[in-house]
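Here is the structure we will look at, set down as structure tokens.
The values are calculated or read from the model by the stated rules, or taken from the named source; none is laboratory data. Just so we're clear, the structure is a prediction, and the values are computed from it rather than from any experiment. Here Cβ is always computed from backbone atoms with ideal geometry, including for glycine, and neighbour counts include all displayed protein chains.
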Amino acid sequence: MLAEGREHDFTDAKRRAARILGIRFAADDFPSTREIRDALDRWTRLGANASQTIDARQMSLNALRLMRSLRPFPTWLVGTVAEGSPIGILETEVWLQHADFRQALHAITRSFPGSIAIDAIDPASGGDRRGTILVPGEIIIKITVSALPPRPPALDVGNLSTMLDEQGSLEAELVGLTAVGDRFEIIEDLALSLENVRLDRKFHPEKEALFHALQLFDQVRLHAPFDEELLTAALLHDVGRARSDDEIAIETRVLLKDLVTQRTMKLVLAMELIGDGPAPSHHQKSALVGEENLDDLNLLLELDRLSRQPGIATLSLEEAIMTLRQLDAENF
């Protein structure tokens, strides 16, 4: 069943095989994962699965493309491909860390239409809630959604990129893969991740980071309605907080790399570094963004202070993204 792709999970395959045989097995009677992998390797070598060509690098490239498109979420390549010994199934395993299975499923199905949620397991013991999603294609990608990080071996986006780049021309190969989604979908997902970020009430009576970002977006739209870069900076200026309170600037560089312009990146990093601390000097602000962007930073800082009001009306996130799309189309 595993070799023919009718089952994709070792545990599920073992249980189904037991049901088909109609015999009740004790746990010790089941083959181990290693024994199953060895058997699948033998099956492949004997030619029973010869029609399927295993290309570990191509499987890794497809996983990296998916992981990059899901950048609001921490992801890792796991399983036999991460170990460097893919078995005779054209399936790659990715681990996505997030507590909300529905939100993760929404992001995945939007970027990869046709994805299927095959199960969602919520242990009665109160342990880790997990869900499994299959992304179809020539090489199936199985995504495990869990509130916890994976056990090693596991490769995050950075480590996987470095490994593939050492083996060949990574970016050139990625260009040859079918593009999925667009940068505005990723920007929307990044902004949406701020929905669960609570801000310090001492400085932010509006409390929620996404609501604050939409307020700032509205304020910038009043002062610079045609500046797509400045509007994008307003919407994403707290995005690093959705991942970690420590080393926010590092998180932001990872999330926004190749997604926004250098000007937007500088402004976002500056806003996050300044935060709710004391007002920086002219020299400090210039060092962060350069003299050419100093007026923009000052405007963002001034409008940021005005964007801390509870209960006022703002554009929705969908309307903000549509505004950016329209500006991008006009500039193009």
Residue match in the stretch 40-47 (condition: of a type outside the set (Lys, Arg), farther than 15 Å from Ile143 by Cα and at pLDDT 75 or above): yes
Residue in the stretch 190-206 that is modelled with pLDDT under 85 and assigned to a strand (DSSP E or B) present: yes
Breaking point among (1) surrounded by 14 or more Cβ atoms within 10 Å (Cβ to Cβ); (2) of a type outside the set (Val, Ile, Thr); (3) at pLDDT below 70; (4) within 27 Å of Asp119 (Cα to Cα), for Ala13: (3)
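In the stretch 207-220, how many residues are outside any helix (DSSP H, G or I) and touching a residue at least 24 places away in the same chain (Cβ under 8 Å)?
Applying the first criterion (outside any helix (DSSP H, G or I)) to the stretch 207-220 yields 207-208.
Now narrow it down to the ones that are touching a residue at least 24 places away in the same chain (Cβ under 8 Å): 207.
Summing the residues that are outside any helix (DSSP H, G or I) and touching a residue at least 24 places away in the same chain (Cβ under 8 Å) in the stretch 207-220 gives 1.
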Some residue of the stretch 112-120 being at pLDDT 65 or above, surrounded by 17 or more Cβ atoms within 10 Å (Cβ to Cβ) and over 30 Å from Thr232 (Cα atoms): yes
Only listed residue being within 22 Å of Gly131 (Cβ to Cβ), touching a helix residue (DSSP H, G or I) at 6+ places or on another chain (Cβ under 8 Å), buried (at least 20 other Cβ atoms within 10 Å of the Cβ) and at pLDDT 75 or above, chosen from Thr33, Thr92: Thr92
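Here is a list: Leu301, Leu222, Leu235. Which entry is modelled with pLDDT of 90 or more and in contact with a Leu (Cβ under 8 Å, 6 or more places away or on another chain)?
Values: Leu301 fails: in contact with a Leu (Cβ under 8 Å, 6 or more places away or on another chain); Leu222 fails: in contact with a Leu (Cβ under 8 Å, 6 or more places away or on another chain).
None of the others qualify; the one that does is Leu235.
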From the options Thr132, Thr109, Thr162, Thr144, residue that is hydroxyl-bearing (Ser, Thr, Tyr), more than 27 Å from Lys257 (Cα to Cα) and modelled with pLDDT of 80 or more: Thr132
